[in-house]
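Values quoted throughout were computed directly from the atomic coordinates according to the rules given, and no laboratory measurement underlies them. The shown structure was predicted, so the numbers you read here are calculated from the model rather than taken from an experiment. Backbone-built Cβ (ideal geometry, glycine too); neighbour counts: all protein chains shown.
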Amino acid sequence: MIVTGVGVGNQRPSAACTRTWAQTRRIESMKVMITGAAGYVGWSVLNVLAGRPEVDEILVYDNFARRNYGLLLADKPRGRRKVRVTVDEILNGRGMQRAVQGADCVCHLAALAPSPFNNDNPHAFDQVNHWGTAEACYAVEDGGVPRMVYVSSGAVYGFPDGIADVTTEPMPANAYGSSKLAGERHVQRLSAQRATVILRAGTVYGLNPVARFDTFVNRFVLDAALGRALHVHGSGEQARPVVHVDALAHAVTKAILGEVESGVHDVVETNATVNEAVGVLREYDATVEFIHTNQQARLRDLRVEPTAVHGLLPPGDRQFSDVLPEMLEQIRLS
């Protein structure tokens, strides 16, 4: 694994588009650039992709803003010699343009997402998720990259009545969802000239060396492992779409390799309420405690149609109720 750093600039050099989507539906010897690959989802994607024989080179483009260096400290993936790391900002258009040279696919994972339903700091969301995606798209366009994969979020749907799917009109309810939808619009603009895949992921859960613990499933497991009470806001009956990080990595890898049709796809395994997550952990360990805040409040739901297994999702029947106890046992000390 090679790590390099580059300076920050904001000018985009022009370049001719040298390859077309029709010429490169599937490529057997690939160079892949992944923005945000040092992050939670990125770590799992990188570990799957590095083991694929059709991938020759992987460029990790990340600023390590979360100061989480699991990519460098954890056990290295198979195919580690394929991996290079460039430390830079996605808002640096010149750096992005240099990085995409010769790439067969750009997978854009870099994002600011403290919580999909947290409205803090809307300007930062807009800068990173909207205009950062715009810079990625400019680089893809100018560099003639034939395929782009963008991981968006179910938060673009807002809180629709009933169960959302890709035919549901997005109506974001907060700055995060709005910024991710704006990013989608930039990617869709490229779809006439190249393959573009947009994956709207549910709330991601599951463990890896750079796991995040600021969304409800992972946070509950961590709190239970540390003997802290689980903090439930509202009645706990609010539902959210969820997907395991390994399942999302599987879907992203298929999209990178050209095994997913261009367009928008939901990546969701199931819809779970907050109370369901609490109940699973308490059924496994009756000593787990929980606290309600404003229990009388019924917060709004987001339910998304689960993705068909054997399509984007890996084969098998992963059960939410089985995974949480496994996660708890994996991280607790006794």
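Nearest 0.05, what FRET efficiency do GLN101 and GLN296 give at R0 = 45 Å with Cβ-Cβ as r? Efficiency, rounded to the nearest 0.05: 0.20. Under a model in which nothing but the beta-carbon of Lys, Arg (+1) and Asp, Glu (-1) is charged, the chain shows a dipole of about 1060 debye around its Cα centre.
Working ranking of peptides 162-168, 268-274 by packing, defined as the average number of other Cβ atoms within 10 Å per residue, highest first, is 268-274, 162-168. Report the FRET efficiency, 1/(1 + (r/R0)^6), for GLU169 and TYR284, where r is their Cβ-Cβ distance and R0 is 30 Å, rounded to 0.05. Efficiency for this residue pair is about 0.15.
Fully extending the segment from LYS76 to ALA229, taken as 0.36 nm per residue of separation minus the present Cα-Cα distance, adds 51.6 nm. Listed peptides 61-74, 207-220, 283-296 appear in the order 207-220, 61-74, 283-296 once ranked by packing, highest mean of other Cβ atoms within 10 Å at the front. The length gained on full extension between GLN188 and HIS123, counted as 0.36 nm times the residue separation minus their Cα-Cα distance, comes to 21.1 nm. Under 14 Å of direct C-alpha separation, and excluding same-chain neighbours fewer than eight residues apart, LYS76 reaches no aspartates and glutamates at all. What the phi angles of segment 160-177 give under the Karplus curve with 6.51, -1.76 and 1.60, with θ = phi - 60°, is a coupling list of x, 6, x, 9, 7, 8, 5, 8, 6, 5, x, 9, x, 9, 7, 5, 4, x Hz, glycine and proline written as x. Dipole of segment 255-310 computed with +1 at Lys/Arg Cβ and -1 at Asp/Glu Cβ about the Cα centre; of VAL280, GLN296, SER262, farthest Cα towards the positive end is GLN296. Each of the peptides 241-247, 49-55 was scored by the mean count of other Cβ atoms within 10 Å over its residues; in descending order, highest first, they stand as 241-247, 49-55. Working note: 222 nm ellipticity from helices only, DSSP H runs with n ≥ 4, each -39,500 (n - 2.57), summed and divided by the residues of the chain, gives -8500 deg cm²/dmol to the nearest 500.
Amide H to amide H, with H built 1.01 Å from N, ILE58 comes under 5 Å of VAL32, VAL83, ARG84, counting only residues 5 or more places away or on other chains.
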